[in-house]
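First comes the structure, then the notes that go with it.
The values are calculated or read from the model by the stated rules, or taken from the named source; none is laboratory data. Owing to the predicted nature of the structure, the values given are computational and were not obtained by experimental measurement. Counting neighbours? That spans all protein chains shown, and the Cβs are built from the backbone with ideal geometry, glycine included.
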Amino acid sequence: MPIPHRIAALVQERNSLYKYPFERLAGIIRDIRFRCTSCAKCCTRGFNGHVFLLDSDVRTVREIDPEALEPAPGPEFCDQNGTFYVSGYALRVKDDEAGSCWFLQDGRCRIYDRRFAICRIYPYMLHREQDEEGTVDWRQFSGLEEHGEYDTAMPDEESLQIARETKEYENAFLTQEIRFLEFMQEYFTKNGLRHVQKIYDDRFREFRKGKPITVKVFFNDSLEEHIIRNG
């Protein structure tokens, strides 16, 4: 999809998010009755893929331990020269079987008081999804029935606070994605670059065979270059 169309789609999604009532989301959160049991499943790659970080979270990581950062997987673009571009950073994971978060130790978060935005709201991540009748709405939460327990009565005030924080996170995430696409549109035009899917696919095949790739990560409205090697 061309970049302008992608920007327009994200802007439309963010506008829909603005209109979504806090009270309605809070009611859904109360109905779920989720309770964290500190199982730490959500802190592993095996359960949760990767943890994408907002720019504000990246700054926190760099204060604590810069080695905990890595370019987020799945770069959005690859130019005709074979350079990849991705919209932000993710948390590095350990080499254990579960792919545990860099900050997970003995089943507990080492930086819990400074944990990141996505960690604070999880599992209340909003996704637009169709129901049985095809109506698209903000309805999907992450990992339900796969971790935690569902037996907790939540006060109205707490559910409203979680709803506010969830909407704030989703707004920040969408805004960062829009900024990235706007930046890339200008960057490609200014430097005579373009996305080439064939080069993207070829370079990733070479990467899987051991050849390093160059990835430029969008952070703080600029690009930071990394050389990535498989494994």
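Within the stretch 5-19, the residues that satisfy the criterion of being out of contact with any helix residue (DSSP H, G or I) (no Cβ under 7 Å at 6 or more places or on another chain) and of a type outside the set (A, V, I, L, M) are HIS5, GLN12, ASN15, SER16, TYR18, LYS19. Of the residues in the stretch 151-165, at least one is touching a strand residue (DSSP E or B) at 6+ places or on another chain (Cβ under 8 Å) and either on the phi < 0 side of the Ramachandran plot or surrounded by 14 or more Cβ atoms within 10 Å (Cβ to Cβ) (or both).
Could you please tell me which pairs satisfy a Cβ distance under 8 Å, a separation of 6+ or placement on different chains, a first residue in the stretch 92-109 that is touching a residue at least 40 places away in the same chain (Cβ under 8 Å) and closer than 18 Å to ARG62 by Cα, and a second residue that is buried (at least 18 other Cβ atoms within 10 Å of the Cβ) and of a type in the set (S, T, N, Q)? Pairs found: VAL93/THR44; VAL93/SER100; CYS101/THR44; LEU104/THR44. Looking across the stretch 157-187, the residues that are in contact with a Lys or Arg (Cβ under 7 Å, 6 or more places away or on another chain) and either of a type in the set (D, E, K, R) or more than 19 Å from TYR20 (Cβ to Cβ) (or both) come down to GLU165, LEU181.
Touching a Cys at 6+ places or on another chain (Cβ under 7 Å), at pLDDT below 85 and either closer than 18 Å to ILE28 by Cβ or surrounded by 15 or more Cβ atoms within 10 Å (Cβ to Cβ) (or both), is that true of HIS127? The answer is no for HIS127.
Please tell me if GLN185 is surrounded by fewer than 17 Cβ atoms within 10 Å (Cβ to Cβ), free of Cβ contacts under 8 Å to residues at least 24 places away in the same chain and not small (Gly, Ala, Ser). Here the answer is no, as GLN185 does not meet what is asked. Considering the stretch 215-230, and only residues there that are in contact with a Gly (Cβ under 8 Å, 6 or more places away or on another chain) and assigned to a loop (DSSP other than H, G, I, E, B), the residue that is surrounded by the most Cβ atoms within 10 Å (Cβ to Cβ) turns out to be ASN230. In the condition set (1) in contact (Cβ under 8 Å) with a residue 60 or more places away in the chain; (2) surrounded by fewer than 18 Cβ atoms within 10 Å (Cβ to Cβ); (3) of a type in the set (D, E, K, R), ASP57 is compliant with all but (2).
Mind checking which pairs have a first residue in the stretch 5-19 that is of a type in the set (Phe, Trp, Tyr) and a second that is loosely packed, with under 13 Cβ neighbours inside 10 Å and not in a helix (DSSP H, G or I), Cβ under 9 Å, 6 or more apart or different chains? Short answer, once both residue conditions are applied: none.
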